[in-house]
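Chemist: Okay, handing you the structure first.
The values are calculated or read from the model by the stated rules, or taken from the named source; none is laboratory data. Please read all numbers here as calculations on a predicted model, not as lab measurements. Note that each Cβ is placed from the backbone with ideal geometry, even for glycine, and that neighbours are counted across all protein chains shown. Only protein heavy atoms, including side chains, enter the accessible area calculation; ligands, DNA and RNA are left aside. Shrake-Rupley method; radii C 1.70, N 1.55, O 1.52, S 1.80 Å.
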Amino acid sequence: VRRFVLLVHKVPVSGAFTLNDLAGGAGRMDEVARAVSTAFTLSNDLRHDTQMTVLFPAAGPVGARKITIDGGRIRYLNPDERSTAALLKNALVRSLPIDHAVEASPGMVVAPVADPLAELSGATEGGRALWLTESGADLRTATFDPSDVTAILSDPFDPTPAEEERLRSSSIPQVSVGPRSLRTSQVIDAFHNELDRRVGPPGPPTA
Ligand SMILES: C[S@@+](CC[C@H](N)C(=O)[O-])C[C@H]1O[C@@H](n2cnc3c(N)ncnc32)[C@H](O)[C@@H]1O
């Protein structure tokens, strides 16, 4: 399984934003949505072996949330960012009045998060996590199991100092997909591509 943990910073966790201003008032939800759709979509298929956790920080009275997306179960996910943003917004809005996890749409579960930094620390445990960062070592020479890996990366805004401290103190490998600072969705594309090459061509469909 390929897992991504995406650290989001400015998207209103209440879901109170318009789909007509994803790059502005929605705190760069355009790029978050593009990252989600890039993580799961292929030309004519979905990446069923991919999972993603999108971590949204608390804002004012609204507590932090996480949206967990399972490529084996996801439905209604299309390659365009607007409809993906709509799915994520719907999940955040659904979660607003409740204090437990709920499947907002098939394969997309939203849940309150009491301590986002503890959630991040949890993702670094188990010896399978990599931190995707511009200053990391070259992905092409990194050693890890491509069929069981968790890649942690940030939305268009760098990790906060507290997030960075958690990531550094976890001592997980820091890995770079290339010499340029890329958009989040581009990093996901490059990462998938390297892992696709390592894993090799997919087998015949099982069902
Ligand atoms: C748009 S970048 C963050 C902002 C960027 N540091 C800047 O100067 O504007 C989004 C995230 O993608 C990841 N990233 C960007 N370029 C990368 C690279 N070459 N290798 C690995 N990760 C990268 C990092 O997780 C980064 O926080």
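Chemist: Please check which bits of segment 181-200 a label hung off Ser135 would reach, taking the label as a point 7 Å along Cα-to-C-beta and the cut-off as backbone N under 19 Å.
Modeler: Residues 181-184 qualify, since their backbone N sits under 19 Å from the label point.
Chemist: Roughly how many nanometres apart are two label points built 7 Å out from the Cα toward the Cβ at Asp148 and Ala162?
Modeler: 3.3
Chemist: In debye, nearest 20: dipole of the chain around its Cα centre with unit charges on the Cβ of K, R (+) and D, E (-)? Before the final figure, lay out each step's value.
Modeler: On the way: 21 positive and 25 negative charges, 54 e Å.
Dipole magnitude for the chain comes out near 260 debye.
Chemist: Just to verify a number: what accessible area does Thr141 come out at with the full protein assembly present, 1.4 Å probe, Å² rounded to tens?
Modeler: Ignoring ligands and nucleic acids, Thr141 comes out at about 110 Å².
Chemist: I would also like to ask the following. Given the -39500 (n - 2.57) contribution per DSSP H run of 4+ residues, what per-residue ellipticity at 222 nm results for the chain, rounded to the nearest 500 deg cm²/dmol?
Modeler: Values: 5 runs with 62 residues, N = 207.
It comes out at -9500 deg cm²/dmol, rounded to the nearest 500.
Chemist: Might you tell me the accessible area per residue for segment 39-101, computed with a 1.4 Å probe and given in Å²?
Modeler: Spelled out: the 1.4 Å probe surface of segment 39-101, per residue, equals 51 Å².
Chemist: Can you find, among Thr141, Pro156, Ser169, the residue farthest towards the positive end of the dipole of segment 134-207? Put +1 on the C-beta of Lys and Arg, -1 on that of Asp and Glu.
Modeler: So the residue we want is Thr141.
Chemist: Give me the percent relative contact order of segment 1-143, please, defined on Cα pairs under 8 angstrom at least 6 residues apart.
Modeler: Working: 233 pairs, mean separation 32.5, N = 143.
Reported relative contact order: 23 percent.
Chemist: Another question about this same structure. Rounded, prolate or oblate for segment 165-207? Axes are the square roots of the Cα gyration tensor eigenvalues, ordered a ≥ b ≥ c, and the cut-off for rounded is a/c under 1.5.
Modeler: Numbers: a/c = 2.81, a/b = 1.80, b/c = 1.57.
Prolate, since a/c reaches 1.5 and a/b exceeds b/c.
Chemist: Next question, about the same structure. Quick one: length gained pulling Ser171 to Asn90 fully straight, 0.36 nm per residue minus the C-alpha distance? Walk me through the numbers before you get to the answer.
Modeler: On the way: separation 81, 0.36 × 81 = 29.16 nm, distance 3.55 nm.
Extra length from Ser171 to Asn90 when fully extended: 25.6 nm.
Chemist: With N set to the number of residues, divide the alpha-carbon radius of gyration of segment 34-187 by 2.2 N^0.38 Å and report two decimals.
Modeler: Working: Rg = 15.7 Å, N = 154, 2.2 N^0.38 = 14.9 Å.
Compactness ratio reported: 1.05.
Chemist: Sticking with this one: Under the definition of Cα pairs under 8 Å and six or more residues apart, what whole-number percent is the relative contact order of segment 76-204?
Modeler: Details: 130 pairs, mean separation 29.3, N = 129.
This gives 23 percent for segment 76-204.
Chemist: Could you please put His48, His9 in sequence from largest to smallest accessible area, using a 1.4 Å probe? Kindly include the intermediate steps, with their values, before the conclusion.
Modeler: Details: His48 105, His9 35 Å².
In descending accessible area the options line up as His48, His9.
Chemist: I've got another one for you. Choose one answer from Val62, Val36, Val54: the residue with the largest mean-square fluctuation in a GNM of the chain with alpha-carbon springs under 10 Å.
Modeler: Result: Val62 has the largest fluctuation of those listed.
Chemist: Counting other C-beta atoms within 10 Å, and keeping those with at most 15, which DSSP coil chymotrypsin sites (Phe, Trp or Tyr not before Pro) do you find in segment 69-157?
Modeler: On the way: sites: Tyr76, Trp131, Phe144, Phe157; in loops: Tyr76, Phe144, Phe157.
Qualifying residues, ordered by number: Tyr76, Phe157.
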